[in-house]
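Have a look at the structure below, then the notes.
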Amino acid sequence: MDLDSGTSSTVGARVQAIPGRPAQHGALYQFKQQNLPACKPVLTPATVIATFLLMGFIFIPLGLITLRASNSVVEIVDRYDIECIPEELRSNKLLYITDDSISKNCSRFLKVPKSMRAPIYIYYQLDNYYQNHRRYVKSRNDKQLLHGLGDNSTSSCIPLESSGDLPIVPCGLIAWSVFNDTFKFSSGSSELKVNRKNIAWKSDRNHKFGKDVYPFNFQNGPLIGGGKLDPNTPLSDQEDLIVWMRTAALPSFRKLYGRIEEDLDADDVIVVQLMNNYNAYSFGGKKKLVLSTSSWLGGKNDFFGVASLFIGTFCMLISIVFLLLHVKNPRPYGDAMYTSWNKKSSSS
Amino acid sequence: MVDGQFQGKKWKDVKVGEIVKIAANETIPCDIVLLSTSDPTGVAYVQTTNLDGESNLKTRYAKQETQAKVPEKERFIGLIKCEKPNRNIYGFQGNMEVDGKRLSLGSSNIVLRGCELKNTNWAVGVAVYCGHETKAMLNNSGAPSKRSQLETHMNLEIIMLSVFLVALCSVTSVCAAIWLKSHKNELDLMPYYRKLDFSEGEMESYQYYGWGLEILFTFLKSVIVFQVMIPISLYISMELVRVGQAYFMIRDSRMYDAATNSRFQCRALNINEDLGQIKYVFSDKTGTLTENKMEFQCASIWGVDYSSTEASLEHGHQAECSAQVDGKVLKPKMKVKVNQKLLQLSKNSFRNVEGKQIYDFFLALAACNTIVPLVVDTSDPTVKLIDYQGESPDEQALAYAAAAYGFMLIERTSGHIVIDIHGKRQRFNVLGLHEFDSDRKRMSVILGYTDNSVKLFVKGADTSMLSVIDKSLNAEILRATETHLHSYSSLGLRTLVIGMWDLSVSEFDQWHFAFEAASTALLGRAALLRKVASNVENNLCILGATAIEDKLQKGVPESIESLRTAGIKVWVLTGDKQETAISIGYSSKLLTNSMTQIIINSNNRESCRRHLQNALVKSRQPLAASAVPNNFEGFSDAIGTPIALIIDGTSLVYILDSELEEELFELASRCSVVLCCRVAPLQKAGIVALVKKRTADMTLAIGDGANDVSMIQMADVGVGISGQEGRQAVMASDFAMGQFRFLVPLLFIHGHWNYQRLGYMIIYNFYRNAIIVLVLFWYVLFTAYTVTTAINEWSSMLYSIIYTAFPTIVVGILDKDLSKRILLKYPQLYGAGQRREAYNKKLFWVTMADTFWQSIVVFFVPLFAYWGSTVDISSIGDLWTLSVVILVNLHLAMDIIRWNWVIHAVIWGSIVATVICVMIIDAIPTFSGYWAIFNTAATGLFWLCLLGILIAALLPRFAVKYIYQYYYPSDIQISREAEKFANQRVIGGNRQIEMYPIPDGPPR
């Protein structure tokens, strides 16, 4: 944002030396007299037009580059929450999901539109799910996650701070509602290997979730919210939980499930065997499975590219308009004829 | 004093009626009536610096009757009756009964708390007022608190913001209600809501209080989250900024008075910015426009004019006058130019009539005053200086003049004076002294000669004196004197007339009786004394007249000129008479020959009304002729024939507080100059109030004396001149300085800067708080209206404390829109403040619209860029935090006019500090946002978003700013460009506006 570099000039302070009062030229004196050397940027037509042009030259290529990156990403999105319910139960989704006796197995067939280069990221996406709800966000205990039961104040976790007089580890609504659909992938006859390691932030695994904190008394209440945790695995290795506990910012979000570390060719058909356990029906949430490659920009998102193209064009236009205005109707800079007092006296 | 012994006691334990003994250099603990002092004549010298700031010694007298008594040795009983405690530190009335005799007590017998005893070994007195009843404490109320206009306007805008805040909260809670209603059936089991709590075995609602209460809670929560909207921190930053501005004002060498070694003083901290919006200046004359260093210039004795101006100085010779006392040489401290001829005449005459008159004339000058001569040591042990201490500078000037002509006042006690007349010491008994009062406008002294003849010497203002002088006597001389008086006052000199009379024995006895009776009276003593005085001051024989030059202060005409150019109306309110006021008006360039003068002198209401109406008609004519719409911009006056209104105090008596006020105001607002003469202190305040009530324009009153206090307190800004007439004006003022001409840098430089800076700062602070609130608000719309904040609590708390606070404060103190040189060169630039260009409703709304746009950009760019991605709440929160902080600082950076290293440091420093703070907050493992910033900052999208936000948010502002500056340039903008490009090319058009060049650095 160097708006005025073209005209900036350092103008030394002009101070009248007052005779008979020596030792007044020190930096401190200049400071007290508010005469510090300073540069005074002034907007001139040349700098302004150049700035806008420059912005245009930066943002139009930037937009093109990001659009290109976004287009290079191959993404398969499959909404399965409705499709996985047997036809006869679709009118009563809640019964389907709450009845343990109904099998939750489901198979999906995904066609690969373009060849996808490894690593292919597997996300599950939830829509209309307010992980940023105030009640939800607060219902966790970060100390407990790190130190385990040593820290007993779990009051922030209610209503899931304890069950049957025993504290819950990890406590709180967030952990309680951990996502528990599972996916298995196969292409043709061979099963695709899914790497489920390192899906959470390294910083979380190493420093935020305790290495010797084990799930305790988890999901033992009358109401089961989501997945269960292996009580013999420390929290720092429960990566699904760690990913889930990074609460999403927006009501439509993705969470990383794993990576497929082989390339997929165009027109391959991937078979997904999934367990549709998670209850998103009770509040009208949507569940989607996403397979996506990645670019330097992240996932597929055209917004930024379009926006910067827009900004760039706009800047270009403005600079042209300003140029025309300036050519047609220039105003000499610093001309005292334009001051109000001179205008007034000349008009009368 | 307890049981006949003096004991040490704490101040708080002193009670009324106790006898108190004070040693030299001690401070008086309560108001005491003097009984006796170490001086055999009962004189005590006190310094009243704590009370009125005057450092000269004042004399207080113990009564002769009590002086002889020694309380340790003999017991005596007395009764003191005095007035109720009041705050008049210059008046006291009471009497004391001792041994059956009734003695009168006046203000010369009382020593007030806070004074220090000097040159006197001890003093004994009776406590009459103690503690909070002392006059010093009663005067402690302080000036009425003033509020700056900017702040008053700002409060309106803050109310607007509060309404906006309530609106935001209402929107949130209404939306929350709708959401709850539409999801009513899902709430029980919703994983992110879970209304039901099963943990206790039975099902009950957990933290759910029903529909109504939930809405209320949402509302309250949103009030807590959005309350930053009301910029509480703004008030604190404003105070800090004002302190900084005050520091620079105090340090400014342009406003340093080397003569009195006094800096500018900032006594009020909350109206700095009002200095930039002044439209009316009310100025006292004496001591403000003029130096109040009186110089004896001319004398007219017995009808002959002796003027010292043409005389001695060109000979390089000043009267060396000295007196021998005890082998030591006494010299007056100040030297006076003398007229050689008169000096010769005064030296070797006592024989002829003319010499006699001269003798009496100078004797009157030396005797007829309340001066106390103080002998001051010099480095030469044989030479001592006589310093004349007195309350009136006129008297001092006259006493020094008399001394220069060989009539040196050496000693004064309450009973006698000693005057050295050409080496001969003569002692006169002071039989009576009628002090100066503003009704009589004269004072007199009755001297008893050694040969028992008694003479009355009177001096006073010409009007009051000419009425009591016997006109049948020496009519010719009287006429000649009157001619001289007229010519003196047309030169702008202050004139006094001296008269005398030989009192016969019977006249003296008659007077003596009346005087004794009057001076012991308890009630109405002042009036009685006045009556006695006017009875005896009659049928006088004229001696002559004196003329004292009241020198204009340095740079006054130039200052007034530039104040007028800046569109400030200068009104002069003076107690002087009309001729003097007009002549000072001319010499200070307030009045010019091209002006039409309207003079209003009337003695009753009807003629006042007539005069006013005539004047109004007259004032309308030139305006109507010039066909310029009557705008109140101050320029209209300059176009038609400028009108000067001269009005005197007697007319004002009929005008103020009556329906004529309206007409006077209308008339005055059409005049470019208003001179009010012969006005009483309270009338000064009345005139200020007249203007203040009827316009929203800011008024400034400047004065130096106690008579200006009411005016200074009444005006929006009161400026005190720390001059000769004591410090009451300074005590009452908001700003104090040494010279009138400092008003120009004060208003044009500091006032202008302060106003521009604070105006901008307020707008900017509104913006900076509103933008974060709006960003928080937009997010609430995406969290099911539950007031979740993505921006970490710590960050939102630190936002207005660390992230963005310092730049605005530093810019508020240091930024300068124009250089001092330009501001002084074009006083018209001051009009920006008068027109309220830096802070007004339009600017507020434009800025709010800009804020709205910027907040939308800040919020929605990341929202869309991260929609449906894996981003977590802390990461996007950090992005929002950083982008808001950087944006807000860049916004400020865009408006900074002068970049010096401090500003660079603070702007970039606060961005760096923010980044560091965010990093520290994210490095705490037990916060849910642990390491978020490091993880997101590793992605390209984060940086692209940041860049996109900053550019897109600032683009409209930048474009609009440029268009506005380029096509609708303000005066400030043009001058700024001129300042910058002046070095590069010679501007031809510049020459014609240099009509009012002002010396850049006033030479000193």
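The values are calculated or read from the model by the stated rules, or taken from the named source; none is laboratory data. None of these values were measured; they are calculated from a predicted model. Please note: Cβ atoms are built from the backbone with ideal geometry, for glycine as well, and neighbour counts cover all protein chains shown. These accessible areas exclude ligands, DNA and RNA; they are computed on the full protein's heavy atoms, side chains included. Shrake-Rupley method; radii C 1.70, N 1.55, O 1.52, S 1.80 Å.
For B:LYS221, the aspartates and glutamates whose Cα falls under 20 Å of its own Cα, not counting residues fewer than eight places away in the same chain, are B:GLU793. Does the range B:863-976 come out rounded, prolate or oblate, given a ≥ b ≥ c as the square roots of the eigenvalues of its C-alpha gyration tensor, rounded meaning a/c under 1.5 and, failing that, prolate meaning a/b above b/c? Since a/c reaches 1.5 but b/c is at least a/b, the shape of the range B:863-976 is classed as oblate.
Going from the isolated chain to the complete set of protein chains, the range A:105-146 loses at least 40 Å² of heavy-atom accessible area (1.4 Å probe) at A:TYR130, A:ASN132, A:HIS133, A:ARG134, A:ARG135, A:ASP142.
At a 1.4 Å probe, which residues in the range B:915-935 are at least 40 Å² less accessible with all protein chains present than in their chain isolated? Residues shielded by partner chains are B:PRO925, B:THR926, B:SER928, B:TYR930, B:ASN935. Taking every protein chain into account, the 1.4 Å probe leaves B:HIS486 with about 120 Å² of accessible area, to the nearest ten. If you sort B:THR218, B:THR382 by accessible surface, 1.4 Å probe, largest first, the order is B:THR382, B:THR218. Let's test the formula: R0 of 35 Å, r as the Cβ-Cβ distance of A:SER153 and A:SER203. What FRET efficiency results, to the nearest 0.05? Given R0 = 35 Å and the Cβ-Cβ separation, E is 0.90. Provide the net charge surrounding B:LEU187, with neighbours chosen by a C-beta distance below 9 Å and charges set as Lys +1, Arg +1, Asp -1, Glu -1. So the environment of B:LEU187 carries a net charge of +1. Rounded to the nearest 0.05, what FRET efficiency do A:LEU323 and A:ASP302 give with R0 = 35 Å and r taken as the Cβ-Cβ distance? Could you check? Approximately 0.65, to the nearest 0.05.
Note on A:290-301: average number of Cβ atoms from other chains within 10 Å of each residue's Cβ is 3. Buried accessible surface for the A/B pair, both sides summed and rounded to the nearest 100, is 9700 Å² with a 1.4 Å probe. Helical runs (DSSP H, four residues minimum) scored at -39500 (n - 2.57) apiece and divided by the length of chain A put the mean residue ellipticity at 222 nm at -8500 deg cm²/dmol. Using C-alpha pairs under 8 Å with a sequence gap of at least 6, the mean separation divided by the residue count of chain A gives a relative contact order of 31 percent. Computed extension length for B:LYS10-B:ARG479: 162.4 nm, one decimal, from 0.36 nm per residue of separation with the Cα-Cα distance subtracted. Taking GluC sites (Glu not before Pro) across the range A:23-105, the ones in a DSSP loop with at most 14 further Cβ atoms lying within 10 angstrom of their Cβ are A:GLU83. Comparing the full protein assembly with the isolated chain, the residues of the range A:206-230 losing at least 10 square angstrom of accessible surface (1.4 Å probe) are A:HIS207, A:LYS208, A:PRO222, A:LEU223. Once the 1.4 Å probe is applied to the protein heavy atoms, the protein assembly as shown comes out at 41 Å² accessible per residue.
Projected label points at B:LEU187 and B:THR450, each 7 Å from Cα along the beta carbon direction, are separated by 11.1 nanometres. Using the Cβ-Cβ distance between B:GLN340 and B:THR41 with R0 = 56 Å, the FRET efficiency computed as 1/(1 + (r/R0)^6) comes to roughly 0.90. Quick one: which of B:LYS118/B:LYS356; A:LYS111/A:LYS287; A:LYS104/A:LYS202 span more than 29 angstrom between C-alpha atoms? Where the Cα-Cα span goes over 29 Å, the pairs concerned are B:LYS118/B:LYS356; A:LYS104/A:LYS202.
Label sites at B:ALA938 and B:VAL243, each approximated as a point 7 angstrom past Cα along Cα to Cβ, lie 4.5 nm apart. How large is the accessible surface of B:PHE248 in square angstrom, using a 1.4 angstrom probe and rounding to the nearest 10? Roughly 10 Å² of B:PHE248 is accessible to a 1.4 Å probe. To the nearest 10, the accessible area of A:TYR214 is 100 Å² with a 1.4 Å probe.
Figure note: B:SER444, A:SER153, A:SER91, B:SER970 ranked by solvent-accessible area, largest first, 1.4 Å probe, ligands and nucleic acids not counted: A:SER91, A:SER153, B:SER970, B:SER444.
What shape does chain A have by the C-alpha gyration tensor, where a ≥ b ≥ c are the square roots of the eigenvalues, rounded means a/c under 1.5, and otherwise prolate means a/b greater than b/c and oblate the rest? Since a/c reaches 1.5 and a/b is larger than b/c, the shape of chain A is classed as prolate.
Taking a ≥ b ≥ c as the square roots of the eigenvalues of the Cα gyration tensor of the protein assembly as shown, is the shape rounded (a/c under 1.5), prolate (a/b larger than b/c) or oblate? Prolate shape, in that a/c is at least 1.5 and a/b is the bigger ratio.
Just tell me, in residue order, which DSSP H segments of chain A are both 27 angstrom or longer along the helix axis (alpha-carbon based) and at least -0.5 in mean Kyte-Doolittle hydropathy. For chain A, where a helix must reach 27 Å along its axis and average at least -0.5, the hits are A:45-72, A:303-328.
Of the solvent-accessible surface of the protein assembly as shown, computed with a 1.4 Å probe and all protein chains present, 57% belongs to carbon and sulfur. Each label was represented as a point 7 Å from its Cα along the Cα-to-Cβ direction; for A:ARG79 and B:SER607 these points are 9.8 nm apart.
Taking every DSSP bridge with both residues inside the protein assembly as shown, close to 80 percent are antiparallel. Mean per-residue shielding of peptide B:101-109 is 0, counting Cβ atoms of other chains within 10 Å of each Cβ.
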